[in-house]
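Everything below concerns the one structure shown next.
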Protein chains: 2
Amino acid sequence: MTRTDLQSGLGAFQTVHVPLGDRAYDVRIGEGLVDRAGAHIAPLLGKKKRVCVITEVNVADQHLDSLRAGLAAAGIEMEVLILPAGESTKCWAELSKTVEWLLAQKVERNDIVVAFGGGVIGDLAGFAAAILRRGVRFVQMPTSLLAQVDSSVGGKTGINSREAGKNLIGAFHQPSLVLADISILASLTPRDFLSGCGEVVKYGMLGDEAFFEWLEENGPLMAQGDVAARTYAVKRSVEMKAEIVVRDETEQGDRALLNLGHTFCHALEAATGYSDRLLHGEGVAIGCALAFELSARLGLCSQEAPSRVRSQIKAMGMKCDLKDIAGDLPSAEALVDLMAQDKKVLDGQLRFVLARSIGDSFVTSDVPREAVLRVIQDGLDARAAT
Amino acid sequence: MTRTDLQSGLGAFQTVHVPLGDRAYDVRIGEGLVDRAGAHIAPLLGKKKRVCVITEVNVADQHLDSLRAGLAAAGIEMEVLILPAGESTKCWAELSKTVEWLLAQKVERNDIVVAFGGGVIGDLAGFAAAILRRGVRFVQMPTSLLAQVDSSVGGKTGINSREAGKNLIGAFHQPSLVLADISILASLTPRDFLSGCGEVVKYGMLGDEAFFEWLEENGPLMAQGDVAARTYAVKRSVEMKAEIVVRDETEQGDRALLNLGHTFCHALEAATGYSDRLLHGEGVAIGCALAFELSARLGLCSQEAPSRVRSQIKAMGMKCDLKDIAGDLPSAEALVDLMAQDKKVLDGQLRFVLARSIGDSFVTSDVPREAVLRVIQDGLDARAAT
């Protein structure tokens, strides 16, 4: 699935191909892709050398001039819509604003919409592209590590319901191209970068022991800024996500493996109000540690696996335990109740991704509520003791 | 594609199968399907014997009790959301209201949403189902002739943009089942029924001369209420739509043939403000007459074809000419400009469905603007002369 390219104007980059039939696309990973965006996007355009870019204020402040120059270098003009930053942008009002703006730009079926930002922008702009004229093509240009390794690949797009929860409204709409610029990661705050690492470590834990071991060795280096390590980590994460998405594009089965740590994570995010008390990737890392703890207590994996998982998370400087979450948390009972409100719940049954070992996970609905409660209660007790 | 079924509890009905791989479904056509809705829908449900019904006030007043009883006969409960009637319901506000209502009903991926109404309800509820949790299943129960022969088959769902036009926001989302109850057509006003006939006659004209001839003989009978004639007309229309949709699910090519008469129709609808001055099917019939007139003048079909087309339309009591539209119309130039705003326009090129003969149509962008202007101007002149 991977090859290294060096073509005129395109610079050096690596490619992960996502072979989804007539919805196939490439994820290109490398330095300076924003500066060379025009050369990458030009082959997708028809006669009209123009793209419509959806972004948010912070990304626009830092990177919009580079993108404009990168497109202009290939003779491509851009129109731009700058949305507010933050999760609350994934709402009906911003969706309708975005779609109506694209219609006002007279975007037709052969045109390209560019999502330039983190997961919020990718999800919102991708969904807008999905429902505009029943589907126009779009290019993901993820600017956060989280978006590069997770949300920009696989075609899940959507917004949140204020009442009912996150990502409950949306579409499967695959991008036509993903440009993951490693250089841009240098502009992230350390906390935002480490949050993205939550999704990176998840891939090793759920399906690739060799990648887990690579991260044991190189994770700290990657966290500190090493570009080669970051490129490899993004590439391997995207490869793994692509393999799983190809097996199960619309989440009927295997794709659920990608939710390792997420059942816990969603409850913790809900409990902290989806605020900056807990970033998504932080919740994933903590959730992975809890999922391995639960697996060990159920006798599914060795007693050593949870501590190895926690060591990796801590070595990279990430949040790892319930006690790393500032402020109050609800009771264990209340947290388990929050889990039951996740959208992946079928007929009211809680589903978990558990592990037989590091790199070997599976989906199950066969988890005693009592065992889940105990794992969470122990985590809460450790908080109280500090 | 067609068979006749008589199964226990299901009554007598005919089936058109729409073979779209894992999105395949049946369209069932017959009398009393609302009364037997439960028996038809039960096999689609899991453990939860409940459906969520989206409808509108007029349909609810007339038919909701029958549907409730029909579902209850198979032990199925229903929750119901009653929306305002009319095209203006296809808007962002009603869409978000519908989706949030479905979420509040805790609709999960295995549940069924029922669209019970005309094209507006089918388009809106189908779109809501498409984006709820990135896609839940839905059943179309079209209550107008227009919806039975057109919008409930083929998976086009969506809403309107207030600024930019009709159906510009939406998704392709195939229903799991379509129940076209012929009995319910008896409750339509004659004008609403005849409007639906605009889409029916279109099928003969665009692709089936034998059906055109059948309508020359039986059209007036059908218009007057003959149930056997109505059943056959709906079945044959659905068969033709299904054949074309299967060839081209996402409208890259052949599906455009279904737009015979629609380029003219959309301009006339825009000119009359999408009001009850001109119903959609009325515009389609007038548009078909204009498309054959244009085809004859361009030397594509015989001089006799347009008059045969107009005779069929008039024999059924339908609106046929620009002079049948009450009130003022804009100039020919203004009408052609309105055509260019249709969402199927690519790179600004006007596209028409024209005909080589009755039953043999094709799509072309190669139509001189001058010829279109002259056909419309002659129609406007005939109005002025009356």
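The values are calculated or read from the model by the stated rules, or taken from the named source; none is laboratory data. Every value quoted in this text rests on a predicted model; they were computed, and no experiment measured them. Because the Cβ atoms are built from the backbone with ideal geometry, glycine has one as well, and the counts that use them run over all protein chains shown.
What the table shows:
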{"item": "Criterion violated by A:LYS202 - all others in (1) out of contact with any Leu (no Cβ under 6 Å at 6 or more places or on another chain); (2) under 23 Å from A:MET318 (Cβ atoms); (3) away from chain B (no Cβ under 14 Å) satisfied", "result": "(1)"}
{"item": "Residue in the range B:22-35 that is farthest from B:GLN148 (Cα to Cα), counting only those that are part of a loop (DSSP other than H, G, I, E, B) and in contact with an Asp or Glu (Cβ under 9 Å, 6 or more places away or on another chain)", "result": "B:ASP35"}
{"item": "Filtered residues of the range A:261-283 (kept if over 20 Å from A:ASP378 (Cβ atoms), in contact (Cβ under 8 Å) with a residue 40 or more places away in the chain, not in a helix (DSSP H, G or I) and not basic (Lys, Arg))", "result": "A:TYR274, A:LEU279"}
{"item": "Residues of the range A:132-160 satisfying the condition of being assigned to a loop (DSSP other than H, G, I, E, B) and under 16 Å from A:ALA180 (Cβ atoms)", "result": "A:THR143, A:SER144, A:SER152, A:VAL153, A:GLY154, A:GLY155"}
{"item": "Matching residues, the range B:249-260, being assigned to a helix (DSSP H, G or I) and either in contact with a Phe, Trp or Tyr (Cβ under 9 Å, 6 or more places away or on another chain) or in the same structural domain as B:ASN167 (by TED's automatic domain parsing) (or both)", "result": "B:LEU257, B:LEU258, B:ASN259"}
{"item": "Any hit, the range B:56-77, residues being within 14 Å of another protein chain (Cβ to nearest Cβ), modelled with pLDDT of 95 or more and not in a strand (DSSP E or B)", "result": "no"}
{"item": "Total residues in the range B:132-161, condition among the charged types (D, E, K, R) and either closer than 18 Å to A:PHE127 by Cβ or facing chain A (nearest Cβ under 8 Å) (or both)", "result": "3"}
{"item": "Hey, A:ASP208 touching a residue at least 60 places away in the same chain (Cβ under 8 Å), under 19 Å from A:VAL284 (Cβ atoms) and surrounded by fewer than 22 Cβ atoms within 10 Å (Cβ to Cβ) or not", "result": "yes"}
{"item": "Residue match in the range A:319-329 (condition: in the same structural domain as A:PHE211 (by TED's automatic domain parsing), among the hydrophobic types (A, V, I, L, M, F, W, C), surrounded by fewer than 19 Cβ atoms within 10 Å (Cβ to Cβ) and under 27 Å from A:GLU163 (Cα atoms))", "result": "yes"}
{"item": "Residue within the range B:171-189 that is within 14 Å of chain A (Cβ to nearest Cβ), surrounded by 18 or more Cβ atoms within 10 Å (Cβ to Cβ), not in a strand (DSSP E or B) and not basic (Lys, Arg) present", "result": "yes"}
{"item": "Test: residue in the range A:80-99 that is touching a residue at least 60 places away in the same chain (Cβ under 8 Å), basic (Lys, Arg) and either within 14 Å of another protein chain (Cβ to nearest Cβ) or crowded, with 22+ Cβ neighbours inside 10 Å (or both)", "result": "yes"}
{"item": "Members of the range A:100-131 found to be of a type in the set (Gly, Ala, Ser) and either within 10 Å of another protein chain (Cβ to nearest Cβ) or in a helix (DSSP H, G or I) (or both), listed by number", "result": "A:ALA104, A:GLY119, A:GLY122, A:ALA125, A:GLY126, A:ALA128, A:ALA129, A:ALA130"}
{"item": "Leading residue by the ranking (farthest from the other protein chains (Cβ to nearest Cβ)) among those in the range A:343-365 that are over 30 Å from A:ILE169 (Cβ atoms) and either at pLDDT below 95 or in a loop (DSSP other than H, G, I, E, B) (or both)", "result": "A:ILE358"}
{"item": "Residue tally, condition part of a loop (DSSP other than H, G, I, E, B) and more than 14 Å from chain B (Cβ to nearest Cβ), over the range A:36-55", "result": "1"}
{"item": "Any hit, the range A:194-202, residues being over 28 Å from B:ARG134 (Cβ atoms), part of a helix (DSSP H, G or I) and in contact (Cβ under 8 Å) with a residue 60 or more places away in the chain", "result": "yes"}
{"item": "Residue among A:LEU300, A:LEU335 that is out of contact with any strand residue (DSSP E or B) (no Cβ under 8 Å at 6 or more places or on another chain) and surrounded by 18 or more Cβ atoms within 10 Å (Cβ to Cβ)", "result": "A:LEU335"}
{"item": "Verdict on A:ARG247 being basic (Lys, Arg) and either under 15 Å from the mean Cα position of the chain (by Cα) or more than 30 Å from A:LEU350 (Cα to Cα) (or both)", "result": "no"}
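Matching residues to (1) basic (Lys, Arg); (2) under 13 Å from B:ALA355 (Cα atoms); (3) surrounded by fewer than 20 Cβ atoms within 10 Å (Cβ to Cβ):
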site: B:THR250; (1), (2), (3): no, no, yes
site: B:GLY253; (1), (2), (3): no, no, yes
site: B:LEU257; (1), (2), (3): no, yes, yes
site: B:CYS265; (1), (2), (3): no, no, no
site: B:ARG277; (1), (2), (3): yes, no, yes
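One line per residue, one yes/no per condition, for (1) part of a helix (DSSP H, G or I); (2) over 23 Å from B:VAL200 (Cα atoms):
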{"residue": "B:ALA285", "(1), (2)": "yes, no"}
{"residue": "B:PHE292", "(1), (2)": "yes, no"}
{"residue": "B:PRO306", "(1), (2)": "yes, no"}
{"residue": "B:ARG310", "(1), (2)": "yes, no"}
{"residue": "B:MET318", "(1), (2)": "no, no"}
{"residue": "B:GLU333", "(1), (2)": "yes, yes"}
{"residue": "B:VAL336", "(1), (2)": "yes, yes"}
{"residue": "B:GLN341", "(1), (2)": "no, yes"}
